[in-house]
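Trainee: Quick one: the structure is below, and I'll ask about it shortly.
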Amino acid sequence: MKKNLAYGLGILLVALLLYLSLFTESQVQVTGLKPGSKAPEFTLKTLKGEELSLKDLRGKVVLINFWATWCPPCKEEIPLFKEVYKKYRDRGFEILAISMDTKPEPVKKFVREMGFPFPVLMDDGKVSETYGVQGLPTSFLVNREGELVKVRLGKYKEVEEDLKDLL
């Protein structure tokens, strides 16, 4: 009896872990923002202190990525984003990496070490709230007209595939 109970609990635990891993890796509706709606406008400062607005990038395909230095899945997707950015930036693609860290110093160090080729912005919580970010990483893919095309919670492994139709 105890053997069957332990076996059943083991299967249940494996099923739960599988469900959770699939949930965090799949596209989910994480906000009230839906594909087809306009991406909310915002202006934030880069790590260099310059202001950057989403509206300044109209006419480009933009990946808005909310991340943090302490987030393991965020760190894992950076090499892919760097590769995709270098490959497609000349075709009108931009990435805005919006850090959810509270202090800029660790972000600056991390960005230097990782060699980010795209702008890194600091959010005081207002933009992430507007976008309804509930977990990290969260990405929003915006087309040239400023409309949301994809909303992604978790690592965004399909970014290059999704870009091909937009560029």
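Trainee: Go through (1) modelled with pLDDT under 95; (2) within 25 Å of Lys45 (Cβ to Cβ); (3) surrounded by 18 or more Cβ atoms within 10 Å (Cβ to Cβ) and name the single condition Leu136 misses.
Mentor: (1)
Trainee: Test Glu94 against the stated conditions and say whether it is in a strand (DSSP E or B), free of Cβ contacts under 8 Å to residues at least 40 places away in the same chain and out of contact with any Gly (no Cβ under 8 Å at 6 or more places or on another chain).
Mentor: Spelling it out, Glu94 is indeed in a strand (DSSP E or B), free of Cβ contacts under 8 Å to residues at least 40 places away in the same chain and out of contact with any Gly (no Cβ under 8 Å at 6 or more places or on another chain).
Trainee: Continuing with this model, one more query. Could you go through the range 97-108 and let me know if any residue there is surrounded by fewer than 20 Cβ atoms within 10 Å (Cβ to Cβ) and touching a residue at least 60 places away in the same chain (Cβ under 8 Å).
Mentor: Yes, that holds for at least one residue.
Trainee: Right, another one. Between residues in the range 69-87 that are among the hydrophobic types (A, V, I, L, M, F, W, C) and residues that are surrounded by fewer than 17 Cβ atoms within 10 Å (Cβ to Cβ) and in a helix (DSSP H, G or I), which pairs lie under 6 Å by C-beta distance while being six or more apart or on different chains?
Mentor: What qualifies is Ile78/Met114; Val84/Glu160.
Trainee: Output the number of the condition that Leu16 fails; it satisfies all remaining conditions of (1) part of a helix (DSSP H, G or I); (2) at pLDDT 60 or above.
Mentor: Going through (1) part of a helix (DSSP H, G or I); (2) at pLDDT 60 or above one by one, Leu16 breaks only (2).
The values are calculated or read from the model by the stated rules, or taken from the named source; none is laboratory data. No experiment lies behind these values; they were computed from the predicted model shown. All Cβ positions, even for glycine, are placed from backbone atoms using ideal geometry, and neighbour counts span all protein chains on display.
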